[in-house]
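Working notes for the structure below.
Every number in this text was worked out from the coordinates using simple rules, so none of it is lab data. No experiment lies behind these values; they were computed from the predicted model shown. Here Cβ is always computed from backbone atoms with ideal geometry, including for glycine, and neighbour counts include all displayed protein chains.
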Amino acid sequence: MNYDIFDFDAADTFYYYDWLGGHSAEGTDTRLVIDTVNYKRNQWQIGKPQKHIFDSAYTLPNAIVTDTSLPCISNDTSVFLLKLPYTVSPYGLPLFYLSFLYKLDIDSGDIALVEASIDSCQTWTNILIDTTSIWRVYPKPDLSVSTSGWDSIAVFPSEWMTIPNDTLYVRFTFITGSDTAARDGWMIDHIIAQHQVEGVTNIANDNTFQVYPNPTIEKTELKFTKALKANCEMIVLDALGRQVFWDRLNKGSTDYTLSVQDWVKGIYFIELNDGKGNRTTQKLMVE
């Protein structure tokens with residue numbers, strides 16, 4: 001499983017990272033686009049925040065923000081797009097996950113939207129209030145009010161979601177109202193897009209497992225489809241891609257009890273790796 005991590009360490013850089021150890025910096029020009037063609041006064045900028053409230057990025061020094069130094073202008077629409085790989089497993093399950101951190105300093109007439117398109121930008125769905133149950137969001141955000149600090153959003157598709165191609169577009173839109181009070185607007189940082197890339201083994205039949213209960217509060221059980229044929233490493237990552245747990249499972253194991261009672265509420269990813277390129281990943285929600 002691989003990540004595109006937009007940490008904006010430089011004004012035009014994101015990081016590509018995979019669980020096999022690869023890590024490299026690349027330009028955002030093909031993955032992140034600030035749309036100045038359709039939105040001439042687009043306020044989105046990548047840089048060091050130098051505003052009244054937005055005075056620091058989450059991953060220093062830069063973030064993407066509605067103007068890095070000036071208050072938001074009224075009656076304006078600003079848009080940036082993410083173009084992301086989207087793949088499915090050999091069993092038809094989606095292998096995609098998106099998370100990001102954000103701050104809001106807005107008025108009641110301002111609107112912050114996160115939308116997705118599965119048909120090359122022909123139609124868009126507000127994934128944060130999707131009524132079709134295609135998209136799942138945790139925690140449920142309220143983008144109509146200002147935040148007191150950094151908040152996080154994690155988004156992933158339902159198991160039955162299919163798209164006609166291998167690319168997903170995500171659109172971030174900030175619309176300001178007529179209020180002329182000085183506001184900082186919207187700041188976003190540490191965007192993580194998890195996906196499977198061609199050429200990397202994702203699922204080994206001998207290591208597949210189920211997680212139950214899920215969601216859970218105190219503990220969950222990993223039930224392996226077959227007894228493990230080799231010693232395996234188990235890694236658990238949080239929604240920001242940080243490792244929160246590690247253990248080694250012995251050959252012949254058929255189940256495992258994972259205690260999560262002291263974990264922060266949110267979405268986690270459990271990966272089983274036999275060290276031979278065979279890996280299986282399951283999502284876990286802790287409530």
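Give the separation of the Cα centroids, the range 31-48 to the range 128-160, in Å.
Here the answer is 23 Å between Cα centres.
Considering amide H positions built from the backbone, and no H for Pro or chain starts, which residues 5 or more places from Ala154, or on another chain, come under 5 Å of its amide H?
Hits under the 5 Å cutoff: Tyr138.
Would you mind checking which residues have amide H under 5 Å from Lys229's amide H? H placed 1.01 Å from N; only 5 or more apart, or other chain.
The list, which skips near neighbours in sequence, is Gly252.
Based only on other Cβ atoms within 10 Å, what is the fewest-to-most ordering of Trp246, Trp135, Trp44?
Working: Trp246 9, Trp135 20, Trp44 24.
Listing Trp246, Trp135, Trp44 from fewest to most nearby Cβ atoms yields Trp246, Trp135, Trp44.
Under 20 Å between alpha carbons, and skipping anything fewer than 8 positions from Lys276 in its own chain: which lysines qualify?
Filter leaves Lys226, Lys229, Lys251.
What ³J(HN,Hα) values, in whole Hz, does the Karplus curve 6.51 cos²θ - 1.76 cosθ + 1.60 give for the range 150-158 when θ = phi - 60°, with x put for Gly and Pro?
6, 10, 10, 9, 10, 10, 8, x, 5
Amide H of Arg183: which non-local residues (sequence gap of 5 or more, or other chain) have their own amide H closer than 5 Å, using H built in the peptide plane?
Close amide H contacts, sequence-distant or interchain: Cys72.
I need Thr173, Thr131, Thr147, Thr180 ordered by Cβ neighbour count within 10 Å, fewest first.
Working: Thr173 20, Thr131 8, Thr147 17, Thr180 12.
Fewest-to-most Cβ neighbours within 10 Å comes out as Thr131, Thr180, Thr147, Thr173.
For the range 212-221, what does the Karplus curve 6.51 cos²θ - 1.76 cosθ + 1.60, with θ = phi - 60°, yield as ³J(HN,Hα) per residue in whole Hz, taken in order and with x for Gly and Pro?
Running phi through 6.51 cos²θ - 1.76 cosθ + 1.60 with θ = phi - 60° gives 8, x, 7, x, 9, 10, 10, 7, 9, 10 Hz.
Find, to one decimal place in angstroms, the Kirkwood hydrodynamic radius of the range 205-286, where the mean of 1/r is taken over every pair of different Cα atoms and then inverted. Show your work: numbers first, answer last.
Details: mean 1/r = 0.0787 Å⁻¹.
Hydrodynamic radius (Kirkwood, Cα pairs) of the range 205-286 is 12.7 Å.
What does the extension gain come out to for Arg248 and Ser133, with contour length at 0.36 nm per residue minus their alpha carbon separation?
Details: separation 115, 0.36 × 115 = 41.40 nm, distance 3.58 nm.
Length difference between fully extended and current span is 37.8 nm.
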